[in-house]
Structures are given as structure tokens and as C-alpha cells.
Amino acid sequence: MIDPSARLARNSASTGAAPAENLPNWRLDDLYEGLDSPRFAEDLKRAAHECREFAACYRGGLAALLDGPDAPQRLYEAIARYEAIDDLITKIMSFAGLSYAENTIDPARAKFYGDAQEKITAASTDLLFFQLELNRLDDAKLAKALEQAPLSHYRPWVEDLREEKPHQLEDRIEQLFHEKSVTGHSAWNRLFDETIASLRFEIDGVEMTLEPALNLFQDPDEKTREKASQAIAATLKANLRVFALISNVLAKDKEISDTWRGFRDVAEARHLSNRVEPEVVNAMVAAVRAAYPRLSHRYYKLKARWFGKEKLRHWDRNAPLPDAPKTTYDWAQARAAVLGAYRAFSPRMAEIAQKFFDGRWIDAPVRPGKAPGAFSHPTTPSVHPYVLLNYQGKPRDVMTLAHELGHGVHQVLAAPNGPLMAPTPLTLAETASVFGEMLTFRALLAEAREPRERRALLASKVEDMLNTVVRQIAFYSFERRLHEERRQGELTAEQICAFWMEAQAESLGPSIELMPGYETFWAYIPHFIHSPFYVYAYAFGDCLVNSLYGVYQKAEPGFVEKYFALLAAGGSKHYSELLAPFGLDARDPAFWAIGLSMIEGLIDELEGLSA
């Protein structure tokens, strides 16, 4: 049964834009009251003091804590104190980061964020010794202590930390890396963010920021889509030298770090932080690339036929179908759809998601200077997550809301693990978000009565899945090429554009024509800058969720309880242990075929509707 509250009234609208006055702005008061908050200033000072006191108490003395019968208690107290400081520091930087995301071109916010980052980096230098010393402790003594309460609580975190041991450096070098980050990769990240936020794209005499311009690729009018593409390409091309420089510097910065730490492959550090074996990622990438002809190539050929064309131009890739209902969803309808879908799966899931609306934990309107895209920021377990959207009323915006609220639910459920073990490795970080999308899609599909409405929903979902799986693996291939080639010397903008076009042509297939200007579109992707090689986590998550959803559809007993246990584990268990109760094993090469077959099945269904 679909909850009646999930039924969506259909609105006719030409632009698809949601009125900003009807959309919620978040309240960051649960962190701090504002940029001039006395509590924020006090906490900044307290964080520096706590870091100094912690170092004075424990630096050079961790080994002694393991001597004697009370070793588990003493080391537990040290880690708990470290965790409390981590909570405070994360709270401070979460507020600074979220305030900055509200308007990245506001000089006052940029200064506030930059000052906070500098002070926290300086303060946390006094904490660097802790993880390094922990990893130098005697293996046998530490293992024995970790078997006993209360220290056993932190066993998963300590064991994860020990995985980093071969790649850690001498204390002074680690301190240099840490302090230089403010003027190194963090500074280049900020330059990227502020450059993207400052760009303007002129379309039909109207200047707009990136998000509204990208949104026009879903406009029903082909000329509008073409103009949007040309405007985006022209602006990116005018700024390509800056983006090429940022990419070159960050790739070299990463190479230097990888070399010092003994990482041989360009993505090895990411695999380690994800707690996933390189061979598992390689198997997934190989499976997806082998499936390009059965997935993206096949679908875009079908879509071109619907448009009465031999080929689609790149700006038509995400265009609505010619006979698709021209609908938009206001905020109340989007909220009802997502909460209804969540409630049909589990009332508990809907109750958690409801808090985001009631507590004003969501910032939805598009604004000049606002960070593009969408995210759910976990902040810290002592507070709660916040969701940022750029909501414009399109069906995909409803899916984005479902996606980010999935993250939010996951973060709330994982919070009791504490700041050190609540964060989830990227292998599972996209599980709840993609599962939330799937629940919402299935709910809307069950509501669809007209064949054209059903076909539009199915096509939109297939495109979302292709964007999540095929596109992200193409991104990963592009990133690998960029970082591998950068190790041979600096890259020109033209070289980077060529790498991009090769990866896109391979993934999209012969039915998508990549027109002049598209070669610049790599420049606006923030993941390449902020989180190198993050992108494969999306494909990992989508394939994993497809397999999980298949188990759910079989009405496996206890599925909801097992699913919540998976989310509640946070980062305290390896992904293989969390998937075992569902009878799934991502290390089995056949696992990826299960997830990919679900996408094929939806394309089959679309072909049936088109016959």
C-alpha cells in the first residue's frame, strides 16, 4: 500500500522552478547562533586549550598506559577524551563550512571560514601525535587490552587505524603536511568553490548561476537546452586555464603525498580510506564498463528513436521524453512523496526524516553564491545532520530530496557510535541515499496510471541509474587517466579535455553526439577537486542497493530490522560483515551482475512500453 499522503498533485509549469519563498531555509542555531556568536568564539578558544592539555597529558606516554591491570580503562579514557575534542572541533568546522556554503561569494563568510580553518588546523596540530603513537604500541599488548571492556568499545576504530600504519610518517613530517594543508590543497579547494560560485551564464539575456543553467538540460524545449549547453561551455572555456591549473596542482599535491606515504596506485589511498579491497573496485569497474553496450548504449539508442533521431546531441541526454507530462512538484508535494515512500517501508524511517522538516535542518532554495548541488552534512553526533539542496521543482529534485534524506537518516542512526565510529566508509555511504531514491521511485511508479506517465518515470529512473553507475565509472576512468598522466608532467587544458571526451564517448556510446563545447564540462565537477576517486562509491552504492532491493522484494523475513542494523553500524563494521545477513558478498564478481541486471530489467520494461 502507498500512503495516501504520498499522492502528488500535478502542476503545469513552463520553467519548473520552485518559488523560493515557499522553500525552507535551515536554522544553524543548533550549532551556533551566527557568525558573531560568543559561543563560537569561546569554543574556538576552548578547542585550542583542550588540544594543548591533551598533548601535555598524553604525548610520549601512551605506551605506559598499557602497563598494569588497569590498561584497558586508562587507554579508554585517553581515546574518549580525544573523541570529545574531535566532536568539538567538528562542530566548529561544520558551522563554519555550512555558513560558507550558504554564500561562498560573501567576503565575510569566506573570511570567517578561512579564519576558523586556520585556527582549528593550528590547534589540532597538538593532536597529531595521538594516532601516530597508537600505531606504534606493541601489537600483543594492545590486542590483549582491546579484548577487555571498556576499551573494547573502540576496537573497530583502533583496528581501522592500524590499517593506516604502513603509510604513516614520522611525527614532524605529519605535522608539516597538516599545517601546510591550509595553504595547500584546502586553499585550492576554496579557489575552485569561489570560482564556480562566481561564474555567470547568460541564456536568452538572463544571467544565472550554474545550478539553474544545468537545470535547463531538463527543459522540454530543445533550443533552450542547446543554448544552456553553449552558455555553460562558453563560460567554462573562458575560465579553463584556472580549472586546469587547479587540477594540475591538486593532482601533483596528491602524487607528492602518495609518494611519501608509499601508495603506488593513484587510487590506493582512497581504497584504504573506504576499507575496500582494490580487486573489488577493479571487478566492479570492469563489470560496469563491459555493460556499457547493454546499458547506456542501448538506452540512448532507444531514446534517440523516441525523439525520431539517429543520434541525440549531448544536451538531449537528460531531456524529458517528447510526450512526457510537463509536471513540477512544489515543496509540500515533494515532502509528502518522500515521507510517504519512507513510511510505507518503515514508520521509523519516516519519523527520522520528518525531523529534518520540523527542525528546519534543510536549506532548499537556489540563491546566488550558494554551493551548487546537494549534500547531507553529518556535522557531529552531538548535534544532527543538515541537508543542502538547490530545489527547482523537477521530478529529479524530488529524487534528490529522497537521496539526501536517505543520507540524513543514515547519519542519525549511526550517530550513537560516536564521532570516531559514526562516519561510514564510502563503500556503504551511498546505501541509504540510493535506497531512499528507490523507495520513492517505486512509490511514484505505483501511482502512475497513464502509460506515458509510467514511461516518463521509468525513463527518468533509468537515466538516474545510468548517471549513478555508468557516468560515475566514466568519471573514475577519467580521473585515473588524469592522475596517471599528471605523474609524467603538467597537463594542458586541451589534454584534460581530450581525456574527458574519450571517457564520455566510451560510456555514452554511438547514439550520443558530443558537440563542440562539451569537452569543457569536466571543469565544474566538484568531486574531482574535493574528494579524488570518490565517484566510484556512487556506482558501488547503486549496485549494492539494487541487490539489497532485490532481497527486499522477495519479502525476506526481518529485512527492515537487518537494514536498520546495517545503517546503525556506521563505520564500526566492515561492509562484508554488514552484507552477510542479506546473503550478499561484494567480493564475488557475480555480485555486480545482480545490480546491473536490475537496470537492464527497467530498460526491458521501457522497450515493452514502446513496442
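Each reported figure results from applying straightforward, stated rules to the coordinates on display, with no laboratory input. Being a predicted model, the structure only gives us computed values, none of them experimental. Cβ atoms come from the backbone with ideal geometry, glycine included; neighbour counts cover every protein chain shown.
Distance between the pseudo-spin-label points of GLU484 and ALA593 (7 Å out from Cα toward the beta carbon): 2.6 nm. Mind checking which lysines have their C-alpha under 26 Å from LYS144, skipping anything on the same chain fewer than 8 residues away? Qualifying lysines at Cα under 26 Å: LYS165, LYS573. The string of couplings for segment 138-155 from the Karplus curve (6.51, -1.76, 1.60, θ = phi - 60°) is 4, 4, 5, 4, 5, 4, 5, 5, 5, 6, 10, 6, x, 5, 4, 4, 8, 4 Hz, one whole number per residue in order, with x for Gly and Pro.
Normalized C-alpha radius of gyration of segment 541-581, against 2.2 N^0.38 Å? Walk me through the numbers on the way to the answer.
Details: Rg = 10.1 Å, N = 41, 2.2 N^0.38 = 9.0 Å.
Taking the Cα Rg and dividing by 2.2 N^0.38 Å, one obtains 1.12.
Would you mind estimating how fast segment 92-197 diffuses translationally, via Stokes-Einstein at 25 °C and 0.890 mPa s with the Kirkwood radius over Cα pairs, in µm²/s? Rounded to a whole number, D works out at 151 µm²/s.
Note on segment 428-536: percent of Cα-Cα distances in each 10 Å bin, starting at 0 and stopping at the bin with the largest distance, equals 12, 36, 28, 18, 5, 1. Applying 1/(1 + (r/R0)^6) with r as the Cβ-Cβ distance of ALA64 and ASP86 and R0 = 22 angstrom yields a FRET efficiency of 0.45. Placing dummy labels 7 Å off each Cα toward the beta-carbon, the span from ARG360 to MET515 is 4.4 nm.
Efficiency by 1/(1 + (r/R0)^6): what FRET value for LYS45 and LYS223, r their Cβ-Cβ distance, R0 = 45 Å, to the nearest 0.05?
Details: r = 58 Å, r/R0 = 1.28.
After rounding to 0.05, the efficiency reads 0.20.
Considering every alpha-carbon pair of segment 198-308, the percent of pairs per 5 Å bin, from zero through the bin containing the longest distance, is 2, 9, 11, 10, 11, 13, 17, 15, 8, 3, 1, 0. Distant-in-sequence amide contacts of ALA422, defined by a placed amide H-H separation under 5 Å and a gap of 5 or more residues or a different chain, comprise GLY571. Take the Kirkwood radius over Cα pairs of segment 154-261, plug it into Stokes-Einstein at 20 °C and 1.002 mPa s, and you get 124 µm²/s for translational diffusion. Check cross-link reach from LYS355 to the aspartates and glutamates: straight Cα distance under 18 Å, and skip same-chain residues fewer than eight apart. Reachable aspartates and glutamates: ASP29, ASP30, ASP363, GLU404. Among the listed pairs LYS223/LYS303; LYS227/LYS394; LYS119/LYS370, those with a Cα-Cα distance over 21 Å are LYS119/LYS370. Largest first, the extents of the alpha carbon coordinates of segment 503-568 on the three principal axes equal 53, 31, 12 Å.
Tell me the Kirkwood hydrodynamic radius of segment 246-379 in angstroms, computed as one over the mean inverse distance between distinct C-alpha pairs.
Its Kirkwood hydrodynamic radius stands at 20.5 Å.
Amide hydrogen proximity for ARG313: with H placed 1.01 Å from N in the peptide plane, the residues at 5 or more positions away or on another chain lying under 5 Å are GLU513. By DSSP, the beta bridges lying fully in the chain are antiparallel in about 65 percent of cases. Computed from backbone phi, the HN-Hα couplings of segment 280-286 come to 5, 5, 4, 5, 5, 4, 4 Hz, rounded to whole numbers (Karplus: 6.51 cos²θ - 1.76 cosθ + 1.60, θ = phi - 60°; Gly and Pro given as x).
Subtracting the Cα-Cα distance from 0.36 nm times the residue separation, let me have the gained length for GLU147 to GLN131 in nm, one decimal.
Details: separation 16, 0.36 × 16 = 5.76 nm, distance 1.94 nm.
Extra length available between GLU147 and GLN131 comes to 3.8 nm.
Placing a label point 7 Å from the Cα of LEU609 along the Cα-to-Cβ direction, the residues of segment 451-480 whose backbone N falls under 18 Å from that point are 451-467. Can you give the helix-only mean residue ellipticity at 222 nm for the chain, where every DSSP H stretch with n ≥ 4 adds -39500 (n - 2.57) and the sum goes over all residues, rounded to the nearest 500 deg cm²/dmol? The per-residue figure over the chain is -19500 deg cm²/dmol. Taking only Cα atoms, what is the 0 to 90° angle, nearest 10, from helix 451-468's long axis to the longest principal axis of the chain? The two axes meet at around 40 degrees. Farthest toward the positive end of the dipole of segment 219-260, out of ALA238, VAL249, PRO220, is the Cα of ALA238, where the dipole comes from beta carbon charges about the Cα centre. Can you check what the net charge comes to around ASP363, using other residues whose Cβ is under 10 Å from the Cβ of ASP363 (Lys, Arg +1; Asp, Glu -1)? Value of the local net charge: +3.
With a sphere of radius 13 Å drawn around the Cβ of HIS377, what net charge do the other residues whose Cβ falls strictly inside it have (Lys, Arg +1; Asp, Glu -1)? Could you put the intermediate results ahead of the total?
Working: positive: LYS91; negative: ASP30, GLU102, ASP363, GLU404.
Taking every other residue near HIS377 into account, the sum is -3.
For LYS370, the residues whose amide H sits under 5 Å from its own are THR104, ignoring neighbours fewer than 5 places away on the same chain, with H placed 1.01 Å from N.
For GLU502 and GLU556, compute 0.36 nm times the residue count separating them, minus their Cα-Cα distance, and round to one decimal in nm.
Working: separation 54, 0.36 × 54 = 19.44 nm, distance 4.29 nm.
Result for the pair: 15.1 nm of gain on full extension.
For the chain, the longest principal axis of the Cα atoms and the long axis of helix 222-238 meet at an angle of about 40 degrees. Note on the chain: Rg/Rh from C-alpha atoms, Kirkwood Rh, equals 0.95. Each residue of segment 94-102 was assigned a 3J(HN,Hα) from its phi angle through the Karplus expression (A = 6.51, B = -1.76, C = 1.60, θ = phi - 60°), giving 5, 5, 4, x, 5, 5, 5, 5, 4 Hz with x at Gly and Pro.
Please report the base-10 log of the normalised intensity I(q)/I(0) for segment 458-611, using a Debye sum with one equal scatterer per alpha carbon and no solvent, at each q in 0.10, 0.13, 0.15, 0.16 (1/Å). The Debye formula, applied to the Cα set alone, gives -0.48, -0.76, -0.94, -1.02. Approximating the spin labels as points 7 Å out from Cα along Cα→Cβ, the HIS530-to-ASP171 distance works out to 3.4 nm.
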